[in-house]
Amino acid sequence: MTSGTLKINRRAFMTSMVAGGLTAGVNARSPENSISGQLNEIELSRNPLLWTVAWSNTAAEFGALCHQAFNLARLRVDEAMEKHSRSERPLAVVTDVDNTIVHAGSYWSFLISEGIDFFDDEIWDRWIPENLIALVPGAMDFLKYCEYHGVEIFYVTNRDQGPRTYSYALNQLQYLNLPYSDSEHLVVFRESSDKTSARERIGESHELILLLGDNLNDFKRDYYVADVEERRALMERDRAEIGDKFIILPNATDGHWVRAIFGESEPAATDENRLKLLAAATRGAWIGARSTQG
Ligand SMILES: [Mg+2]
């Protein structure tokens, strides 16, 4: 990303959002009607988010990976039910919400259509209450399957949209008609992304079969490290649990893998950070052609 390529008229943008830009349906936006009026399609097409968002918006492979995760989750539920006796604690599944059950595609598409190339917390907070959401492929079938068999679902999420955070989150679950969408089964962490205490508390009353998430931090706090190699080494350490107790969904837009690159989960849209992204993307780049020239 070259300097200044994706500058937006931020004041005009936020004015349009206050005027109801998001409520109109973000998917209706296109580069042609970008509110800044300063970006043409070529400029918008230089956004590094394009590939990952285009992929999750269009690729059958994205849906297939989600189904693969939920099919495996169902198999683990079946195994647990087979072993479970009625006298034991009730069975339960703990799931993350964003990008595990709820797909945030319209948010990311909106950012791109406005020339924004990094996660934008202010826009996210405005997007959440609009319920411009979709279900992750396979999520509803899996959750209904659990409900049918009396396996309880606990939703554990980390969000902060101010004092109404909890009601927004609960409203989303109910808007999607998800099983167990009540205050007994929803835990929201506003101050921290550490979900350990919720897992432990639920584990006291229930036998936890599975954890579902799009971020390894949804499974263990160990993954909250700002080092790419350390994080990958932890994942290798835990590889036997992946697909067993940990079911992971694909998400290439955000998560603590971003923190491992930038040192923070929501890095600012600066040229310094664009260069860090470039460095991450070119790690191990092929230099063979260059080395044989001349
Ligand atoms: Mg998530």
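Using C-alpha pairs below 8 Å separated by at least 6 residues, the relative contact order for the chain is 22 percent.
For T95, the amide hydrogen comes within under 5 Å of the amide hydrogens of F154, Y155, V156, L212, counting only partners 5 or more places away or on other chains and with H modelled in the peptide plane.
Within region 145-244, the proportion of Cα pairs with more than 23 Å between them is 34 percent. Shown here for region 184-270: GluC sites (Glu not before Pro) in loop regions (DSSP other than H, G, I, E, B) with at most 15 other Cβ atoms within 10 Å, namely E184, E191, E264. Here is the list for region 57-129: trypsin sites (Lys or Arg not before Pro) lying in DSSP coil, each with at most 13 other C-beta atoms within 10 angstrom of its C-beta, are R86. Counted by Cβ distance under 9 Å from V94, the other residues give a net charge of 0, where Lys and Arg count +1 and Asp and Glu count -1. Full extension of the chain between V228 and E147 gives 25.4 nm of extra length, using 0.36 nm per residue less the Cα-Cα distance. Here's how it looks for F189: its modeled amide H is under 5 Å from those of T157, N158, R159, which are all 5 or more places away or on a different chain.
Between the C-alpha center of region 107-161 and that of region 169-200 there is a gap of 12 Å. Kirkwood analysis of the chain, using all unique Cα-Cα pairs, places the hydrodynamic radius at 20.7 Å. Residue by residue, region 251-259 carries 3J(HN,Hα) couplings of 8, 9, 9, 8, x, 6, 5, 5, 4 Hz when phi is fed to the Karplus relation 6.51 cos²θ - 1.76 cosθ + 1.60 (θ = phi - 60°); x denotes Gly or Pro.
This model, with +1 at the C-beta of Lys and Arg and -1 at the C-beta of Asp and Glu, gives the chain a dipole about its Cα centre of some 400 debye.
Among the trypsin sites (Lys or Arg not before Pro) in region 154-222, those located in a DSSP loop and surrounded by at most 14 other Cβ atoms within 10 Å of their own Cβ are R164, R190. What shape does region 79-186 take by its C-alpha gyration tensor, where a ≥ b ≥ c are the square roots of the eigenvalues and a/c under 1.5 counts as rounded, a/b above b/c as prolate, and the rest as oblate? The shape class here is prolate.
No value in this document is a laboratory result; all are computed from the given coordinates. Since the structure is predicted, the reported quantities are computational estimates derived from the model, not experimental observations. All Cβ positions, even for glycine, are placed from backbone atoms using ideal geometry, and neighbour counts span all protein chains on display.
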